[in-house]
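Chemist: Sending over a structure as structure tokens; questions will come in a sec.
No lab work stands behind these numbers, since they all come straight from the coordinates. Note that the structure is a prediction, hence the values are computed from the model and not measured. Counting neighbours? That spans all protein chains shown, and the Cβs are built from the backbone with ideal geometry, glycine included.
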Amino acid sequence: MTYPSRRALQRIGLLFPGILGCVALCCGPAALGQSQPSSAAGGDLAQSTAAISNKIDQLTQSLEQTQVELAQSRSEIMELRAELKQVLAKMNTAGDASAGATAPSAGMQPRALTATGASATPQASGDESKSAPAQITQDDWDILNERVDEQRQVKVESMSRYRLKLSGLALLTAFANFGQVDNASLPSIALGPISGYSDGSVGASVRQSIIGLTGYGPTLYGAHTSADLQMDFFGGVPPTYGVSNSGLAELRLARFRMDWKRSSFVAGLDYPFFAPNQPTSYMSVVVPGFASAGKLWSWTPTIRAEHRFDGTFSAFKVEAGFLDPASYSYDAPNTNVKVTSPTENSRQPTYAARVSATKGSEDRPTTIGFAAVYSPQRFVGGYDVSGWASTMDWRIPLIPRTELSGEFFTGRGIDGFGGLPLSPLRPADTYYYASVTAPQLANVGVIGGWTQLKFRVDSRNEFNVAAGTGGRNSSELRNAALTDSFLPSVPARNQMLFANYIFRPRSDLIFSVEYRRLRTFDVTGPADAAGQLGLAVGFLF
């Protein structure tokens, strides 16, 4: 709702004295003079007629002037409304472009606005035709600031006065599996034929839907502060009949950021910063497409800092931090109790550092990065393992509309970051696994990586073809399996290939068709193979 300015109200008030005068003349004795004796009626009537005519002329002029002033006031109100829209548009653009950007403060000072609606304003004679540029009064500016404050809280209300944004993805995935897999809706490895079970399955799931919150805080020590939180529904299935329609919520990301012009500080649950690229797939959203075949991805409590440099030919970025990776080595009897991991038992964090260079435009950047990871670990019984990894990531635009991206890693003792196939079985003796099997597995060398070719037809149509592999040193794993009955169930290598087509009729609607092929190699014997054909339908908000 837009309010007229105080000057417009004062101009409207000029209309009332003329109206009152007209009523007084029409109802007074002069108007009733025709009922008096005819001897004096002629002179009095002439005088009354002249007075009324004079008053009518004055009233006509006053009405014309008021009409001009009302038109000018209407033009000023339209300008004020346009200015409000510009302020809100700039505020929203600034908030989306920078994670730390804050909305304009309520203490903005009024400034002059030049009237742009002269073509719609009737022209008056004299000085009225040369009106001065419209000015926003302090009252009008206070109203504008109140409207801006209301717009900042109109979507999501928070306890603080700072802006909070709700986002998410409502996603339905329908699938048809060919062969045996470990997880019907989101397979990670292929299994061998199982007697008595079907060779395939069909189904649908909404458990990969995501909800996120992003908050923008104040400027602290010259840095824009922000925080974001994401949850999905892939944390497990409840023991009810609605398993296929519901899932347990799990925390994906929960991080706090401080962003300066050239530096940033991040703390919280985050993805491994030394593996920043992501394959594009809407059939695998809660975890990356190659989570068990070459993609390091596990969300990890992290404290890191980064600094950006402007080079002669490209921009450089240096990142370093401490991480606390998860471990698959322990099986706590109480799921509410956190058992310390081998990394935590070493009383040292995992150290990581990454150096990257970027060249080109923001829409089509060329980025190459190298990273090193050191992860000391102490297992049950006092057995120490020095885990380490070297990684490389790339993102390279090729011909127009085409991009090549991917990652590569090698090392040992980094199972907690993902990228490798896990055993589909659970250890019968968890203490033996923690004290004997896990240290042997951590000492086996690992290698993996993935690459993706993306082709964007236009803003609505996109094709992706990607392949990944992750595995352990077969000879080392085979030798360790001679003395451990559980290790033969651990896959030596896992390969995955997918191709998809993504259609976005609007920016908030997503349709995708994808085919995925898996091949899993055991320590001994032939490889197991399976495939999945899927359809994803999503709505972004």
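Chemist: So what's the net charge close to Phe503: Lys and Arg +1, Asp and Glu -1, counting the other residues with Cβ under 14 Å from its Cβ?
Modeler: That sum, taken over residues with Cβ under 14 Å, equals 0.
Chemist: OK, next. Pull out a ≥ b ≥ c, the square roots of the eigenvalues of the alpha-carbon gyration tensor of the range 325-430, then state rounded if a/c is under 1.5, prolate if not and a/b is larger than b/c, and oblate in the remaining case.
Modeler: prolate
Chemist: At Ile56 and Asp508, where each label point lies 7 Å from the Cα along Cα→Cβ, what is the point-to-point distance in nanometres?
Modeler: Each label point is offset 7 Å from its Cα along the Cβ direction, giving 6.0 nm.
Chemist: Once label points are set 7 Å from the Cα along Cα→Cβ at both Ser474 and Ile399, what is their separation, rounded to one decimal in nm?
Modeler: 3.6 nm
Chemist: What distance in nm separates the two pseudo spin-label positions at Ala249 and Ser160, each 7 Å out from Cα along the beta-carbon direction?
Modeler: 2.1 nm
Chemist: Same structure, new question: Report, in debye and to the nearest 20, how large the dipole of the range 164-540 comes out about its Cα centre when Lys and Arg carry +1 and Asp and Glu carry -1 on their Cβ.
Modeler: The calculated dipole for the range 164-540 is roughly 780 debye.
Chemist: Could you sort 315-327, 356-368 so that the peptide with the highest average Cβ count within 10 Å comes first and the rest follow in order?
Modeler: Most protected by this proxy first, the peptides run 315-327, 356-368.
Chemist: From the phi angles alone, apply the Karplus equation (6.51, -1.76, 1.60; θ = phi - 60°) to the range 444-454 and give each ³J(HN,Hα) in whole Hz, x where the residue is Gly or Pro.
Modeler: 7, x, 10, 7, x, x, 8, 8, 9, 10, 10
Chemist: Around Gly217, which amide H atoms from residues at least 5 apart in sequence, or from another chain, sit under 5 Å from its own amide H, with H modelled in the peptide plane?
Modeler: HN-HN under 5 Å from Gly217: Thr225, Ser226, Ala227.
Chemist: Could you go through the range 467-475 in sequence order and give the Karplus-derived ³J(HN,Hα) for each residue, using 6.51 cos²θ - 1.76 cosθ + 1.60 with θ = phi - 60°, rounded to whole Hz, and x for Gly and Pro?
Modeler: For the range 467-475, the Karplus curve yields 9, x, 8, x, x, 10, 4, 5, 5 Hz.
Chemist: Could I ask something else about it? Tell me, what is the FRET efficiency for Asp199 and Thr483 to the nearest 0.05, using R0 = 51 angstrom and their Cβ-Cβ distance as r?
Modeler: It comes out at approximately 0.90.
Chemist: Per residue of the range 528-533, what does 6.51 cos²θ - 1.76 cosθ + 1.60 with θ = phi - 60° give for ³J(HN,Hα)? Whole Hz please, x for Gly and Pro, Karplus curve as stated.
Modeler: Karplus-based 3J(HN,Hα) across the range 528-533 equals 9, 10, 7, x, 9, 10 Hz.
Chemist: Apply 1/(1 + (r/R0)^6) to the Cβ-Cβ distance of Thr66 and Arg364, taking R0 = 60 Å, and write down the FRET efficiency to the nearest 0.05.
Modeler: Result of the calculation: an efficiency of 0.50.
Chemist: Rounded if a/c is under 1.5, else prolate if a/b beats b/c, else oblate: with a ≥ b ≥ c from the C-alpha gyration tensor eigenvalues square-rooted, which is the range 376-468?
Modeler: Judged from the Cα gyration tensor, the range 376-468 comes out prolate (a/c at least 1.5, a/b above b/c).
Chemist: Also, quick follow-up: Students often forget the sequence filter, so: which lysines lie under 26 Å Cα-Cα from Lys295 once same-chain residues fewer than 8 apart are removed?
Modeler: Answer for Lys295, where 26 Å is the Cα cut-off: Lys317, Lys338, Lys359, Lys454, listed by chain and number.
Chemist: Now for a different question. I need the calculated FRET efficiency for the pair Ala176 and Asp142, taking r as the beta carbon distance and R₀ as 60 Å, to the nearest 0.05.
Modeler: 0.45
Chemist: How would you order 439-451, 288-300 from highest to lowest mean count of nearby Cβ atoms within 10 Å?
Modeler: Packing order, densest peptide first, comes out as 288-300, 439-451.
Chemist: Along the charge dipole of the range 260-391, which of Pro376, Ala315, Thr343 sits closest to the positive end, that is, farthest toward it, with unit charges on the beta carbon of Lys, Arg, Asp and Glu (+1, +1, -1, -1)?
Modeler: Ala315
Chemist: Taking only the alpha-carbon positions of the range 158-294 and ignoring solvent, what does the Debye formula give for the base-10 log of I(q)/I(0) at q = 0.10, 0.15, 0.18 Å⁻¹?
Modeler: Results for the range 158-294 at q = 0.10, 0.15, 0.18 Å⁻¹ read -0.47, -0.88, -1.12.
Chemist: Output the relative contact order of the range 164-540, whole-number percent, from Cα pairs under 8 angstrom with separation of 6+ residues. Working shown, then result.
Modeler: Working: 1009 pairs, mean separation 58.3, N = 377.
It comes to 15 percent, rounded to a whole number.
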